[in-house]
């Protein structure tokens with residue numbers, strides 16, 4: 001197979017890759033707007049809670065280290 005044949009095979013492979021990607025995206029069940037909003041609120045709530053929790057833990061460890069030193 002010559003140079004042009006290899007290029008054609010490469011281009012065909014890339015095109016097949018993108019076609020299969022588009023086909024897979026069509027199979028996805030996308031969330032509704034309301035589901036997306038509720039999922040986003042859950043994530044933000046968990047992030048805020050974890051931030052507060054880790055901040056309190058960090059402050060406690062810092063206080064403990066300051067007392068020791």
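No value in this document is a laboratory result; all are computed from the given coordinates. From a predicted model like this one, the values you see are computed outputs, not experimental measurements.
General remarks:
- 0 to 90° range, to nearest 10: angle between helix 33-68 axis and the chain longest Cα axis: 40
- From its DSSP helices (H runs of at least four residues, each -39,500 (n - 2.57)), the chain gives a residue-normalised ellipticity at 222 nm of -32000 deg cm²/dmol.
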